[in-house]
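Enquirer: Can you read through this structure? Questions will come right after.
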Amino acid sequence: METIIVQDTDAAILDVLTEALTMEGFDVLPVADIEGDFLSLIDQHRPHVVMLDYRLNGEACKQTCFQIKQRYPHLPVIAMSCNYNIDRLYGANGFDGYIRKPFDLDLLYTILRRHIPEQQRKDQ
């Protein structure tokens, strides 16, 4: 079973994502914020994908993505954002992909599955 760490500051979105991804067969670790040692969660749970809430300014999220990529360069990190320009911002800030909020669950599943096989191939 693929493990996904999902971080979002909105509790309602986090609950919906956790439920939807669990029903789709993923093992989900929901996280409300990125304060503290976020990397220790990755060390402990070894996720296949990390999804981060990219707020309008995105500074904390970008820093967290940078830290993840330094330690785990092959771990896919997906930005979730209502920022209309996320399609131009995600790659420049180290993210492997993005999903716009509000999101279509089928598109979300497609994006996640696109990144998980790539991750598994690099680990072998």
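The values are calculated or read from the model by the stated rules, or taken from the named source; none is laboratory data. Everything quoted here is computed from the prediction, not taken from an experiment. All Cβ positions, even for glycine, are placed from backbone atoms using ideal geometry, and neighbour counts span all protein chains on display.
Enquirer: Go through (1) touching a Lys or Arg at 6+ places or on another chain (Cβ under 9 Å); (2) modelled with pLDDT under 90 and name the single condition L39 misses.
Expert: The one condition L39 does not meet is (2).
Enquirer: Residue under question is Y84, and the condition is that it be farther than 18 Å from T9 by Cβ and modelled with pLDDT of 95 or more; does it hold?
Expert: Values: farther than 18 Å from T9 by Cβ: yes; modelled with pLDDT of 95 or more: no.
Against the criterion (farther than 18 Å from T9 by Cβ and modelled with pLDDT of 95 or more), Y84 does not qualify.
Enquirer: Inside the stretch 14-28, can you point out the residues that are within 20 Å of C61 (Cα to Cα) and surrounded by fewer than 17 Cβ atoms within 10 Å (Cβ to Cβ)? Quick ask: steps written out before the conclusion?
Expert: Of the residues in the stretch 14-28, the ones within 20 Å of C61 (Cα to Cα) are 14-15, 17-18, 28.
Within the stretch 14-28, just D15 meets the criteria.
Enquirer: Of the residues L75, L29, L21, which is under 18 Å from I116 (Cβ atoms) and assigned to a loop (DSSP other than H, G, I, E, B)? Please lay out each step first, then the result.
Expert: Details: L29 fails: assigned to a loop (DSSP other than H, G, I, E, B); L21 fails: assigned to a loop (DSSP other than H, G, I, E, B).
From the options L75, L29, L21, the qualifying one is L75.
Enquirer: For the list (1) in a loop (DSSP other than H, G, I, E, B); (2) in contact with a Lys or Arg (Cβ under 9 Å, 6 or more places away or on another chain); (3) surrounded by 14 or more Cβ atoms within 10 Å (Cβ to Cβ), I need the number of the one condition that C61 fails.
Expert: In the conditions (1) in a loop (DSSP other than H, G, I, E, B); (2) in contact with a Lys or Arg (Cβ under 9 Å, 6 or more places away or on another chain); (3) surrounded by 14 or more Cβ atoms within 10 Å (Cβ to Cβ), C61 misses (1) alone.
Enquirer: Step by step: first the residues of the stretch 78-101, then only those that are among the hydroxyl-bearing types (S, T, Y) and not in a loop (DSSP other than H, G, I, E, B), then the one that is nearest to the chain's Cα centre (by Cα). Which residue is that? Before the answer, list the steps.
Expert: So the first thing to find is which residues in the stretch 78-101 are among the hydroxyl-bearing types (S, T, Y), and the list is 81, 84, 90, 98.
Restricting the remaining residues to those that are not in a loop (DSSP other than H, G, I, E, B) gives 81, 98.
Details: S81: 11, Y98: 8 Å.
Top of the filtered list is Y98.
Enquirer: While we're looking at this one, here's another question. Taking F66 and the conditions (1) modelled with pLDDT of 90 or more; (2) surrounded by 19 or more Cβ atoms within 10 Å (Cβ to Cβ); (3) outside any strand (DSSP E or B), which numbered condition does it fall short on, given that it satisfies the others?
Expert: Evaluating F66 over (1) modelled with pLDDT of 90 or more; (2) surrounded by 19 or more Cβ atoms within 10 Å (Cβ to Cβ); (3) outside any strand (DSSP E or B) leaves (2) as the failure.
Enquirer: Residue by residue through the stretch 1-36, note down the ones that are in contact with a Lys or Arg (Cβ under 8 Å, 6 or more places away or on another chain) and among the polar types (S, T, N, Q).
Expert: In the first step, residues of the stretch 1-36 are kept if they are in contact with a Lys or Arg (Cβ under 8 Å, 6 or more places away or on another chain); the result is 3, 9, 13.
Hits for the stretch 1-36 are T3, T9.
Enquirer: Could you grab me the full set of residues in the stretch 69-111 that are crowded, with 18+ Cβ neighbours inside 10 Å and of a type in the set (S, T, Y)?
Expert: Hits for the stretch 69-111 are S81, Y90, Y98.
Enquirer: Quick one: which residue in A20, A12 is out of contact with any helix residue (DSSP H, G or I) (no Cβ under 8 Å at 6 or more places or on another chain) and closer than 20 Å to F103 by Cβ?
Expert: Numbers: A20 fails: out of contact with any helix residue (DSSP H, G or I) (no Cβ under 8 Å at 6 or more places or on another chain).
Only one candidate passes the filter, namely A12.
Enquirer: If I ask for residues that are in contact with a Phe, Trp or Tyr (Cβ under 8 Å, 6 or more places away or on another chain) and closer than 14 Å to L75 by Cα, which ones from the stretch 1-50 would you list?
Expert: Residues satisfying the conditions are E2, T3, I4, I42.
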